[in-house]
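None of the figures in this text is laboratory data; all of them are computed from the coordinates on show. Just so you know, these numbers come straight off a predicted model, no measurement behind them. Positions of Cβ are generated from backbone atoms using ideal geometry, with glycine treated the same way; all protein chains shown enter the neighbour counts.
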Amino acid sequence: MKNRLDAYRIFYETARCASFSTAARELYISQSAISQSIRQLEESLNTRLFVRSRRGISLTREGELLFRKVETAMSALEQGETLLARLHHLSEGSLIIAAGDTITSQYLLPYLERFHATYPGIRIEMANSYSEDMLQQVREGKADLAFVNLPVPDEDLCIEPCLTVHDIFVCGPEEEEKESYSWAEISEFPLILLEENSTSRNYVDTLFAERGIRLHPQIEIAAYDLLIRFASIHLGVSCVIEEFTKKALGKGTVRKMNLQPPIPPRAIGCAYLREGALSSAAEAFLALIREGSQSADLRPSDIV
């Protein structure tokens, strides 16, 4: 655009008010500045835009043509400003979160519920895949946030730990109780584990392999809640996340097996692009996550 936007803004207000002095008051500038801007615009366009007379000013035919175009442009800009204001105040927009089924159902659900109650105008979209695919969606701008099991080394992403979790083995309430179990002893039980492509399963498999023990599960499943249900009816011993199993442990639906030494803790983290600002919706959701680490109202849930 050859001419600055403020020159068209002055032209628009002057034409709308049909008065240099009224336009000056509307724009909080001097009348001489209005006159000078209009003159420079006419010179740059090589077109007379206003007819000046003792009664005031009016648009020329060419000025009327330009005014209709500028009016449309100004309206679009105002609509854009209004939209951005609504997005900033979280009255509309979208939030795309990438997370697996287990993290969504066992960890994110109370956050999603509270976010929706607070910002009902924000459309929440969930993307479910494997960790690397979800991280790639963030890199490509297809997701705002990804919640994955850590560690995740990636220079393009900010990785913010959100929750420390502990992998444990549980059995049915009627299983013979023992003070502690070695890793080798646990491996001899009929095991119920998540599928091999899950991060949680790979983490446990790797730790056992480092001790020269290969796990051979009797049952492999994709649904996390079935790990607890199957263990509770004595189909085998399940490897679960303690933080997601507190309700079942408290009710005595399943019993924790004392593995010695215990499996080292790990973390669930939130990934987002290192370069570029988060959307207002993503910032608000992440603030809820940070708050939840200190609040008993937003702790991991157990659906069993």
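When a/c reaches 1.5 or more, the comparison of a/b and b/c decides; with that in mind, is the stretch 5-88 rounded, prolate or oblate per its Cα gyration tensor?
Cα axes put the stretch 5-88 in the prolate bin.
Stretched out fully, how many nm does the piece from Glu140 to Ile213 gain, at 0.36 nm a residue minus the Cα gap?
22.4 nm
Would you order Lys142, Lys178 from fewest to most other beta-carbon atoms within 10 Å of each residue's own beta-carbon?
The fewest-first ordering by Cβ neighbours comes to Lys178, Lys142.
Rounded to the nearest 5, what is the percent of antiparallel bridges among the DSSP beta bridges in the chain?
About 60 percent, rounded to the nearest 5.
Give the long-range amide H neighbours of Ala143: residues separated by 5 or more places, or on another chain, with amide H under 5 Å away, using H modelled in the peptide plane at 1.01 Å from N.
Val138
Which whole-percent values make up P(r) of the chain when all C-alpha to C-alpha distances are grouped in 10 Å steps starting at zero?
5, 21, 20, 14, 11, 9, 7, 7, 5, 1, 0
How charged is the neighbourhood of Lys142? Take every other residue with its Cβ under 11 Å from the Cβ of Lys142, and add Lys/Arg as +1 and Asp/Glu as -1.
Around Lys142, the surrounding residues sum to -3.
Between Glu188 and Val152, what's the calculated FRET efficiency when r is the beta-carbon distance and R0 is 45 Å? Round to 0.05.
0.85
Each residue of the stretch 233-240 in turn: what ³J(HN,Hα) in whole Hz from Karplus with 6.51, -1.76, 1.60 and θ = phi - 60°, glycine and Pro shown as x?
9, 6, 7, x, 9, 10, 9, 10
Tell me which lysines have Cα within less than 20 Å of Lys69's Cα, excluding those fewer than 8 residues away on the same chain?
Reachable lysines: Lys2.
Pick out which of Ile228, Ile103, Ile38 has the largest mean-square fluctuation in a Gaussian network model of the chain, springs linking Cα atoms closer than 10 Å.
In this elastic network of the chain, the residue with the biggest mean-square fluctuation among Ile228, Ile103, Ile38 is Ile38.
Which angle between 0 and 90 degrees, to the nearest 10, do you get for helix 109-118 versus the longest principal axis of the chain when only C-alpha atoms count?
The answer is roughly 30 degrees.
Starting from the Cα of Thr118, step 7 Å along the direction of its Cβ; do the same at Lys247; then give the gap between the two resulting points in nm.
Each label point lies 7 Å from its Cα, and together they span 2.2 nm.
Could you size up the charge dipole of the stretch 5-88 around its Cα centre, putting +1 on the beta carbon of Lys and Arg and -1 on that of Asp and Glu, and report it in debye to the nearest 20?
The calculation lands at about 340 debye.
So what are the stretch 167-264's ellipsoid semi-axes, whole angstrom, largest first, if each one is the square root of 5 times an eigenvalue of the alpha-carbon gyration tensor?
Semi-axes, largest first: 19, 16, 12 Å.
Which lysines does Lys256 reach when only Cα atoms under 18 Å apart count, and residues fewer than 8 places away in its own chain are ignored?
Lys178, Lys246, Lys247
For the stretch 253-264, just list the computed ³J(HN,Hα) in residue order, Karplus coefficients 6.51, -1.76 and 1.60, θ = phi - 60°, integers in Hz, with x standing in for Gly and Pro.
Taking θ as phi minus 60°, the curve returns 4, 9, 10, 6, 9, 7, 7, 10, x, x, 5, x Hz for the stretch 253-264.
What's the exposure ranking of Leu66, Leu235, going from fewest to most Cβ atoms within 10 Å?
Neighbour counts put them in this order, fewest first: Leu235, Leu66.
Return Val165, Val138 ranked ascending by Cβ neighbour count within 10 Å, so the fewest neighbours appear first.
Val165, Val138
Could you give me the ³J(HN,Hα) list for the stretch 151-162, computed from phi with Karplus coefficients 6.51, -1.76, 1.60 and θ = phi - 60°, whole Hz, x at Gly and Pro?
x, 9, x, 7, 6, 7, 10, 8, 10, 10, x, 10
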